[in-house]
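Written below as structure tokens is the structure these notes are about.
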Amino acid sequence: MNGWLVAATVLLAAGFGPVVWGVATGPLERRVVAQNFGTSVVCLVMLLLSQAYVRPSYVDLALVLAVLGPAGTLVYARLLADDLGDDPPHANLLTVVAASAATVIVVAMCVATGPGRATVKLVLIGVLLVAGNVIASRALAGGFPGAGASTRD
Amino acid sequence: MSRRMRMWVLATGGLAVAVLLVAGYARLPHFGGAVHPYGERAVSAALARHTANVISSVNFDLRAFDTLGEETILFGAVLGTVVLLRQTRDEREVPPAPAEVAPPVRRYALIMLPVALLTGLYVVAHGQLSPGGGFQGGVVVATALHLLYIGADYRALEKIRPVGTYEVGDAAGEAAYLVLGVAGLLGGSAFLANTLLPYGTFNTLASGGTVPLLNAAVGMEVACAVVVLLARFLDQAVEIEEDNGSAMGKES
Amino acid sequence: MTDALTLVSLLLVAASATAAVAVRDPARQALVLAVLGLALAVLFTVVQAPDVGLSQLAVGSALTPLLILLSVRKVRRRGQHEGGDR
Amino acid sequence: MGRAAAVAAEVLAWWLLLTGAWLVLISTVDALEYLVGASAALLAAVAAQAARRAMSGR
């Protein structure tokens with residue numbers, strides 16, 4: 001009974017299920033926020049899977065996602081600025097949930113892996129993920145002023 | 001050749017392929033069994049050549065010729081896009097308007113650009129050790145450059161991304177792959193054979209003979225190809241407009 | 001335990017793929033495709049294919065949305081031109 | 001002279017930071033990793049400096 005595997009399954013079902021629902025239905029504002037939250041959930045699941053399968057090399061997937069995930073959300077915030085213009089989504093609660101979940105999981109994994117460069121790598125991924133999530137949600141909440149301009153580049 | 005005749009030729013050809021497929025399928029080891037003829041040979045060949053990541057060994061060593069085909073497909077696809085999305089006579093190029101971006105997003109893009117670039121290069125360099133390789137790392141490198149478009153605007157990106165250089169890089173990556181293949185030939189063995197370089201010690205950067213070099217060639221080619229591809233898309237979406245003499249102000 | 005994880009990831013891929021087909025608007029579809037990419041990356045990792053998962057993450061997280069949304073933008077701008085100074 | 005020194009200082013700062021990041025990312029550290037890491041970090045540092053200049057030089 002691998003505890004990490006249980007955690008990954010629960011996080012995937014409880015976290016990513018609503019994300020798929022949130023991105024498939026509802027107003028555009030909520031869909032973009034769901035996509036941003038989905039990036040954090042899957043990055044954390046990747047971290048848990050690398051610990052569950054005892055394969056430190058799987059951490060590279062979480063690293064690439066922590067680097068490129070928020071960039072994807074910024075692409076939406078930038079190119080959908082016109083559609084999001086009227087009431088930009090404010091999802092501070094989700095950002096706090098994502099940040100706290102990331103902190104808990106990274107700390108747990110750091111304790112499990114013990115001191116060393118691998119732990120620093122985990123902390124780096126955690127920091128990148130949380131910073132990216134916060135910046136992306138800030139950008140969604142009106143980070144592109146003058147969104148009313150007809151076309152933007 | 002009437003239409004009916006053509007249908008008959010298609011039917012016979014299809015039937016023959018179907019028969020071959022079923023015959024081949026019948027002799028496959030059944031799913032989930034203990035016998036893996038192809039897997040065992042691939043893993044033993046990869047370990048014999050000190051390549052830790054068996055997938056990279058299959059991609060760049062055992063079936064390097066197929067990867068040459070994939071790389072040429074990508075090269076051809078980007079070439080086709082460049083031809084299709086070129087600026088035609090009745091279109092004019094309008095300089096892109098500067099975009100206002102919130103300061104935190106700008107700082108984030110500035111910090112993340114080198115970090116993403118480093119991550120991409122890390123994924124390319126360690127292709128034969130851990131999951132990753134030339135293709136994945138090349139895409140990460142190309143996406144890293146475009147953080148500048150996301151953080152600022154297209155004008156800033158155009159300043160540091162001379163498209164001509166990347167087109168040359170695209171061709172150079174493809175050529176490097178071919179040259180490495182021919183080098184195997186000149187080295188007395190077969191085209192793209194991994195007999196040129198020593199296999200090095202297992203699980204280190206220099207292991208796997210020519211696998212890391214082929215990885216680097218593919219990484220360079222994919223990164224440059226994606227940059228050229230995005231350059232054409234961005235040009236069309238941001239700069240190129242119909243020149244139907246409309247008196248509309250510059251709104252791009 | 002791995003069966004449960006495989007089952008959950010398969011269900012998520014099925015759900016997001018159905019959503020990708022059901023959504024008609026290209027901009028919204030780009031969003032659903034990004035989430036489908038994430039679900040696929042998890043499925044590939046669960047069945048021990050991290051290289052494919054990494055490819056899916058690299059392409060699906062920022063490159064595909066950028067290509068789709070730039071195309072949507074180009075089509076919209078062309079629409080505005082035909083419509084004159086709407 | 002001031003501008004060139006500033007540019008060099010920034011590239012150097014980014015280079016050291018990114019080489020450190022490379023050493024964190026890799027699993028086994030040996031001479032070749034240092035060499036490849038340093039050159040990759042140098043490339044990224046030059047790109048970082050060029051990007052900042054392109055973004056601010058509006």
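Here are the numbers for the structure shown:
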{"item": "Distance in nm between pseudo-label sites at B:L20 and B:E242 (7 Å out along the Cβ direction from Cα)", "result": "4.9"}
{"item": "Label zone at B:H30, where the point sits 7 Å out along the Cα-to-Cβ direction: region C:1-38 residues whose backbone N lies under 17 Å", "result": "none"}
{"item": "Rounded to the nearest 20 debye, dipole of chain B from Cβ charges on Lys, Arg, Asp, Glu", "result": "800"}
{"item": "Karplus (6.51, -1.76, 1.60) ³J(HN,Hα), θ = phi - 60°, over region C:39-52, in Hz, Gly and Pro reported as x", "result": "5, 5, 4, 5, 4, 4, 5, 5, 8, 6, 10, x, 4, 5"}
{"item": "Cβ-derived FRET efficiency at R0 45 Å, B:A48 paired with D:L16, nearest 0.05", "result": "0.70"}
{"item": "Cut-off 14 Å between beta-carbons: net charge of the residues surrounding B:P29, Lys and Arg +1, Asp and Glu -1", "result": "+1"}
{"item": "FRET E, pair C:R78, D:R3, Förster distance 45 Å, beta-carbon r, rounded to 0.05", "result": "0.55"}
{"item": "Degrees, to the nearest 10: B:211-234 long Cα axis against longest axis of chain B", "result": "30"}
{"item": "Environment charge of B:A52, counting only residues whose C-beta is closer than 15 Å and scoring Lys/Arg +1, Asp/Glu -1", "result": "-3"}
{"item": "Alpha-carbon centroid distance for the pair region B:126-180 / region C:25-59, whole angstrom", "result": "21"}
{"item": "5 angstrom amide H check on B:E91, placed H, neighbours 5+ away", "result": "B:D243"}
{"item": "Distant alpha-carbon pairs in region C:2-82 (separation over 17 angstrom), percent", "result": "53"}
{"item": "Note, ³J(HN,Hα) from phi for region B:191-198, Karplus 6.51, -1.76, 1.60, rounded to Hz, x at Gly and Pro", "result": "4, 6, 7, 8, 10, 7, 10, x"}
{"item": "Principal-axis tilt of helix A:28-52 within chain A, Cα atoms, nearest 10 degrees", "result": "10"}
{"item": "Mean ellipticity per residue at 222 nm, deg cm²/dmol - from DSSP H runs of n ≥ 4 across chain C, formula -39500 (n - 2.57)", "result": "-27500 deg cm²/dmol"}
{"item": "Principal axis dimensions, largest first and in whole angstrom, of region D:2-56 by Cα", "result": "38, 20, 13"}
{"item": "Residue order, fewest to most beta carbons within 10 Å, for D:L42, C:L38", "result": "D:L42, C:L38"}
{"item": "Restricting region B:1-68 to chymotrypsin sites (Phe, Trp or Tyr not before Pro) in coil, as DSSP defines it, with at most 15 other Cβ within 10 Å", "result": "B:F31"}
{"item": "Sites matching chymotrypsin sites (Phe, Trp or Tyr not before Pro) across region B:157-252 that sit in DSSP coil, with at most 15 neighbouring C-beta atoms within 10 Å", "result": "B:F191, B:F202"}
{"item": "From phi via Karplus (6.51, -1.76, 1.60), per-residue ³J(HN,Hα) for region A:7-13 in Hz, x at Gly/Pro", "result": "4, 4, 5, 5, 4, 5, 5"}
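Every read-out reported here was derived from the displayed coordinates using simple, explicitly stated rules and does not represent laboratory data. Everything quoted here is computed from the prediction, not taken from an experiment. Quick reminder, even Gly has a Cβ in these numbers, built from the backbone with ideal geometry, and neighbours come from all protein chains shown.
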